[in-house]
Amino acid sequence: MNWLTNYVRPKIRALVTRKEVPDNLWHKCPNCEAMLHHRDLEENLSVCHHCGFHMRLDPVKRLGMLFDEGKYTLVELPKSIVDPLKFRDQKRYTDRLKEAQGKTGRQDAVLVAHGPMDGLPVVVAAFDFGFMGGSMGIAVGEALVTAAKTALAHKAPLVVVPASGGARMQEGILSLMQMPRTTIAVEMVKEAGLPYVVVLTDPTTGGVTASFAMLGDIHIAEKGAQIGFAGARVIESTIRETLPEGFQRSEYLLEHGMVDMVVHRKDLRATLIRTLDLLMRPLTLAARDEEDLEIPALRAASDSAEPDHGVQAEAADRTARPAEAEQPA
Ligand SMILES: [Zn+2]
């Protein structure tokens, strides 16, 4: 009777059962409580079009919105030790990990990709807050080291987009060791004279703030993101004082000099391109000038009858720039 179960039954079932309607067509804005259609939300990059509230963004969408035509190559991340402490609270850590992997379909909390942004090769590491709160364990440390190495290999700027609650408690001291590790990783990028830009998103807290997330050459923060080390409630109960309004939010941090700019998500790609272009231009100009400069300089020298001082002066001025660019920042 195999034909009955294998062939007839599925056909009948397909006829009888209604087509599944996705139950998440509408989302409620956590800020203004307006109902947002999922298509509008997707078009607006998960920003409420009523109040401008920036919701958390999946790293795949994040990478898609940053790279040219949404095209990029994912960098394979090395396998790291799983559950080195055999940790268990109410649940085993391995079970928590499996659950998060099943839910997100990824190995751990960071995706690393490289691709062009306005034609310029860039390496981006994007965090997934949905994966155990984007917490930083060995695998995340490994991902950032890989991102830094990829940036070096491609001579590309490194952009990190953290969204993290901090260290991964289940990995204890090994989690804390990722702080110096990631610090060294981004330091390698800086030493190579390549820009390291951090895009602070909601939330960036704990050990992540205390390490690579606050070491960028440029800090761009998304609107309204919570950025801080300890939680506001912990601070309030420790110092027994009421904290000012907007404490630990992007705009507050901008006022106090902790971040360089606060941008709307829709302007993020353009802002990044402009910033990276400005930072990378001395290098690209230097490379271009080395090829081009020989000819006008030589021509000016050989035209001894009437040397073109204008060209020479300009050439001298331009050759001065690569030297400047080589100086460490
Ligand atoms: Zn809203």
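A few remarks follow.
- Most to least packed among 177-188, 204-215 [average Cβ atoms within 10 Å]: 204-215, 177-188
- Other-chain or far-sequence residues with amide H under 5 Å of I218's (modelled H): Y196, V198
- Loop trypsin sites (Lys or Arg not before Pro), segment 47-126 (other Cβ atoms within 10 Å of the site Cβ: 10 or fewer; DSSP): K79, K86
- 5 angstrom amide H check on S135, placed H, neighbours 5+ away: G165
- Within segment 60-75, backbone nitrogen closer than 19 Å to the virtual label 7 Å beyond the Cα of A153 toward Cβ: 72-75
- Computed over segment 8-166: relative contact order in percent, which uses C-alpha pairs under 8 Å that are six or more apart: 18 percent
- The phi torsions of segment 271-278, fed into the Karplus equation with coefficients 6.51, -1.76 and 1.60 and a -60° offset, translate into couplings of 5, 5, 4, 4, 5, 5, 4, 5 Hz, rounded to whole numbers, with Gly and Pro shown as x.
- 28 Å Cα-Cα reach of K79 towards lysines, excluding residues that sit fewer than 8 places from it in its own chain: K61, K71, K91, K98, K103, K149, K155, K190
- Just the protein heavy atoms count here, and of the accessible area of segment 141-252 at 1.4 Å, carbon and sulfur take up 60 percent.
- Under 5 Å between amide hydrogens, built in the peptide plane, is the criterion, and for V161 it picks out A125, A126, F127, V199 among residues at least 5 positions away or on other chains.
The values are calculated or read from the model by the stated rules, or taken from the named source; none is laboratory data. Here the structure is a predicted model, which is why all the values come from computation and not from measurement. Neighbour counts run over all protein chains shown; Cβ positions are idealised from the backbone, glycine included. Keep in mind that these areas ignore ligands, DNA and RNA; they rest on the heavy atoms of the full protein, side chains included. Shrake-Rupley method; radii C 1.70, N 1.55, O 1.52, S 1.80 Å.
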